[in-house]
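Report on the following structure.
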Amino acid sequence: MKRRNFLKSTAASGVALTGITGIMSASASGTRISNAAKFKLKYAPHFGMFKHSAGEDLIDQIKFMADNGFTAFEDNGMMKRDVETQNKIGETLAKLDMTMGVFVVDKGGNMANTLAAGKKDYLDIFLDGCKRAVDVAKRVNAKWMTVVPGGFERNLPIGIQHANVIDALRRGAEIFEPHGLTMVLEPLSDSPDLYLRTSDQTYMICKAVNSPSCKILYDIYHMQKNEGNIIRNIELTWDETPYFQIGDNPGRKEPTTGEINYLKVFKYIYDKGYNGVMGMEHGISGKGIEGEKRLIQAYREVDSFEV
């Protein structure tokens, strides 16, 4: 039997069923439920994750998330949305008492603009993105912004690349610090050509930048692919990690679809006293409304640890 179809105990089964009772009656017209139990951790869906159940309207999608027990939200593309939409999102999240998670700092839309190269024009693009991100963060009441330094610069020694990235991030931190904002650096597994790929490397960079505005975004999916040993590496980098993202491996779908024991990982994070956001940066294994029902049920399962 697959782990996703097996609940650890009768109590866990009750939790799972409580969470999905209302959504089982959801329809394509966007019917929403209320009074669903809130999750223990602040799991943050993104736009499009519940479009079959809530409809295409962005505000209705946020309301649907809240109705189903989610207390946070993230949107990588927030900087590309118009000001009116950003304001509406911020107002809606405030009314629903939901925490705004990350959005990506716009570096000109080009991953080739690598901070490791030490080029002035790349640095200028990055710093301009940081300045614009401050205004966006104020509109949506965000605290964290994702930063990806870009590609590995093969023509430069690694120490020079480290120095270039650290210098650029210090400049970015100077922009965010007065506003109490934090850029979170995300090591990725998408390509071996990326500069930032492991949690220990990211930890070293954050220590060198030495700012409350430069920390780690620990994406469990990417780190399972690049280094494994998830709980041990979270422990080693804990003091620099205010933000997590989720995705099972292989497939980058919801928890219970792959090899990661998210029930144990989430309990570990909860027991550490974590009160931050757990971004749901993954796809959905099923299709349509049924797939969205299953997504919520999966989170009920892995959130069913004892406290």
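Values quoted throughout were computed directly from the atomic coordinates according to the rules given, and no laboratory measurement underlies them. This one's a predicted model, so the numbers in the text were calculated from it and none came from an experiment. Cβ atoms come from the backbone with ideal geometry, glycine included; neighbour counts cover every protein chain shown.
Values for this structure:
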{"read-out": "For R132, R154, R300, order by how many other beta-carbon atoms lie within 10 Å, fewest first", "value": "R154, R132, R300"}
{"read-out": "Separation of alpha-carbon centers, region 227-267 and region 103-162, rounded to whole Å", "value": "25"}
{"read-out": "Using a Förster distance of 25 Å, the FRET efficiency for R132-R170 (Cβ separation, nearest 0.05)", "value": "0.85"}
{"read-out": "Residues of type lysines that K272 reaches as a straight line, Cα spacing below 27 Å, ignoring anything fewer than 8 places off in the same chain", "value": "K8, K38, K40, K42, K143, K207, K215, K225, K253, K264"}
{"read-out": "Simple Cβ-charge dipole of region 37-302, Lys/Arg +1 and Asp/Glu -1, about Cα centre, in debye nearest 20", "value": "280"}
{"read-out": "Stokes-Einstein translational diffusion, the chain - Kirkwood Rh over all Cα pairs, 1.306 mPa s, 10 °C, in µm²/s", "value": "80"}
{"read-out": "Charge tally in the Cβ shell below 11 Å around T114, where Lys, Arg are +1 and Asp, Glu are -1, T114 excluded", "value": "+1"}
{"read-out": "Of F39, A133, L169, farthest towards positive along the dipole that unit charges on Lys, Arg, Asp, Glu beta carbons give the chain", "value": "F39"}
{"read-out": "Residue-averaged 222 nm ellipticity for the chain, from DSSP H runs of 4+ at -39500 (n - 2.57), nearest 500", "value": "-13000 deg cm²/dmol"}
{"read-out": "Mean separation of Cα contacts under 8 Å (6+ apart) over length of region 143-187, as relative contact order %", "value": "71"}
{"read-out": "For L217, residues with placed amide H under 5 Å, excluding near neighbours", "value": "L185, E186"}
{"read-out": "Relative contact order [Cα under 8 Å, 6+ residues apart], region 37-302, whole percent", "value": "18"}
{"read-out": "Antiparallel %, DSSP beta bridges [both residues in region 37-302], to 5", "value": "5"}
{"read-out": "Candidates Y268, Y43, Y195, ranked by Gaussian network fluctuation over the chain, Cα under 10 Å, top entry", "value": "Y268"}
